[in-house]
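Below is one structure, written out as structure tokens; comments come after it.
The values are calculated or read from the model by the stated rules, or taken from the named source; none is laboratory data. Owing to the predicted nature of the structure, the values given are computational and were not obtained by experimental measurement. Positions of Cβ are generated from backbone atoms using ideal geometry, with glycine treated the same way; all protein chains shown enter the neighbour counts.
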Amino acid sequence: MSISSRFAVGIHILALIDLNKETASSSEFIAGSVNTNAAVIRKIMGMLKKAGLIDVQPGVAGAKLSRELSEITLFDIYKAVNVVEENELFSIHDKPHPDCVVGKNIQSTIEPIFMAAQSAMEKVFQNLTLEDIVKDIEAKEHTQ
């Protein structure tokens, strides 16, 4: 299992909108870059709009970032696209056998570890911005 690709696609959408700001980035254009269906892009763009990360006008092709690159963290995007609920990145199997020494203790043993791991990952996302992503993309483009 892996985290929903909506997170990576959300980052892709926002970076592309910024790097293509001189022209309208329609859902079809973005879908071509992501290599997915435009309906998927529109759904994720709706999530990004609801979170206040982009401005989209009905009937008008294109979207704009609603904040500066440096003001949008990866955590903002992560939360916007509903990757996981709070403290639920890792699932713990239900109903282990209560008469087994491991079964009756496993959940309370590993749950705090899983919560700490999710918290650490989210802290990394809070310290990285869309500006970091765009700068890295630009640097890679210039070295190719």
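Give all pairs with beta carbons closer than 7 Å in which a residue from the range 89-113 that is farther than 28 Å from F75 by Cβ meets a residue that is of a type in the set (D, E, K, R) and surrounded by fewer than 13 Cβ atoms within 10 Å (Cβ to Cβ); count only pairs at least 6 apart in sequence or on separate chains.
Correct list of pairs: P98/K104.
Residue check, V81 against (1) exposed (fewer than 15 other Cβ atoms within 10 Å of the Cβ); (2) touching a helix residue (DSSP H, G or I) at 6+ places or on another chain (Cβ under 7 Å), all met but one. Which one?
Going through (1) exposed (fewer than 15 other Cβ atoms within 10 Å of the Cβ); (2) touching a helix residue (DSSP H, G or I) at 6+ places or on another chain (Cβ under 7 Å) one by one, V81 breaks only (1).
Could you tell me whether the range 64-71 includes any residue that is farther than 16 Å from I41 by Cα, touching a Ser or Thr at 6+ places or on another chain (Cβ under 6 Å) and of a type outside the set (D, E)?
Checked against the condition, which is being farther than 16 Å from I41 by Cα, touching a Ser or Thr at 6+ places or on another chain (Cβ under 6 Å) and of a type outside the set (D, E), the range 64-71 yields at least one hit.
Residues are listed down the side, and each one gets a yes or a no for (1) in contact with a helix residue (DSSP H, G or I) (Cβ under 9 Å, 6 or more places away or on another chain); (2) without any contact (Cβ under 8 Å) to a residue 12 or more places away in the chain:
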{"residue": "D18", "(1), (2)": "yes, no"}
{"residue": "A24", "(1), (2)": "no, no"}
{"residue": "S27", "(1), (2)": "yes, no"}
{"residue": "K43", "(1), (2)": "yes, yes"}
{"residue": "G52", "(1), (2)": "yes, no"}
{"residue": "L65", "(1), (2)": "yes, no"}
{"residue": "I77", "(1), (2)": "yes, no"}
{"residue": "E85", "(1), (2)": "no, yes"}
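Could you please give the count of residues in the range 30-78 that are of a type outside the set (A, V, I, L, M, F, W, C), within 15 Å of D18 (Cα to Cα) and at pLDDT below 95?
Result for the range 30-78: 3.
Take T109 and decide whether it is at pLDDT below 90 and either surrounded by fewer than 16 Cβ atoms within 10 Å (Cβ to Cβ) or among the small types (G, A, S) (or both).
So T109 does not fit the description; no.
Could you check, for the range 55-64, whether at least one of its residues is crowded, with 16+ Cβ neighbours inside 10 Å and among the hydrophobic types (A, V, I, L, M, F, W, C)?
The answer is yes; a qualifying residue exists.
Please report, ordered by residue number, the helices (runs of 4 or more DSSP H) entirely within the range 35-138 with at least 2 residues that are more than 18 Å from the chain's Cα centre (by Cα).
106-126
Would you please name the residue that is modelled with the lowest pLDDT, looking only at residues in the range 11-29 that are surrounded by 14 or more Cβ atoms within 10 Å (Cβ to Cβ) and in a loop (DSSP other than H, G, I, E, B)?
Here the answer is S25.
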